[in-house]
Amino acid sequence: MSCYFMVDVYIDENKGRGAYSDYIEKVKPIVESFGGDYLVRSETVTSFSPQRKPDRVIVIRFPSREKLDACFASEEYRQIMHERADNVDARALIVGE
């Protein structure tokens with residue numbers, strides 16, 4: 001059963017996009033190698049909640065929870081994850097099995 005990885009990204013104005021832009025380019029082929037299919041990668045976001053105003057939203061469909069977990073536990077991903085973690089506030093949800 002498909003599993004969805006959804007992320008709200010909040011960019012710190014003081015840090016700017018920095019290494020996060022590099023991360024965006026590097027992560028896509030890693031995600032796709034585990035069967036991830038980007039459904040949404042957009043900075044065009046309209047929020048209905050004043051407490052939730054992300055700068056970017058990503059929705060990725062994986063063929064299974066196992067593939068999703070394998071992707072984000074992979075050595076390839078672990079080598080670049082600091083470029084996201086050190087530069088933006090990313091809040092992820094997993095929906096599905």
Limited to the range 47-73, what total is found for residues that are more than 19 Å from Tyr4 (Cβ to Cβ) and of a type in the set (Ser, Thr, Tyr)? 2
Output the qualifying pairs, or none if there are none: Cβ atoms under 7 angstrom, residues six or more apart or on different chains, first residue in the range 73-97 and at positive phi and modelled with pLDDT of 95 or more, second residue of a type outside the set (Gly, Ala, Ser) and surrounded by fewer than 13 Cβ atoms within 10 Å (Cβ to Cβ). none
Long-range neighbours under 7 Å by Cβ, at least six apart or interchain, first residue of a type in the set (D, E, K, R) within the range 6-21, second surrounded by 15 or more Cβ atoms within 10 Å (Cβ to Cβ) and in a strand (DSSP E or B): Asp8/Val57; Asp12/Val88; Arg17/Ile11
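To keep it simple, each residue is scored yes or no on (1) loosely packed, with under 15 Cβ neighbours inside 10 Å; (2) in contact with an Asp or Glu (Cβ under 6 Å, 6 or more places away or on another chain); (3) not in a loop (DSSP other than H, G, I, E, B).
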{"site": "Val7", "(1), (2), (3)": "no, no, yes"}
{"site": "Tyr10", "(1), (2), (3)": "yes, yes, yes"}
{"site": "Ala19", "(1), (2), (3)": "no, yes, yes"}
{"site": "Gly35", "(1), (2), (3)": "no, no, no"}
{"site": "Thr44", "(1), (2), (3)": "yes, no, no"}
{"site": "Ser47", "(1), (2), (3)": "yes, no, no"}
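Residues checked against (1) of a type in the set (Lys, Arg); (2) assigned to a loop (DSSP other than H, G, I, E, B):
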position	(1), (2)
Pro54	no, yes
Val57	no, no
Arg61	yes, no
Glu66	no, no
Asp69	no, no
Arg78	yes, no
Met81	no, no
Arg84	yes, no
Ala90	no, no
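The values are calculated or read from the model by the stated rules, or taken from the named source; none is laboratory data. Everything numeric here is computed off the predicted structure, so don't read it as measured data. For neighbour counting, all protein chains shown are included, and Cβ atoms are generated from backbone atoms with ideal geometry for every residue, glycine included.
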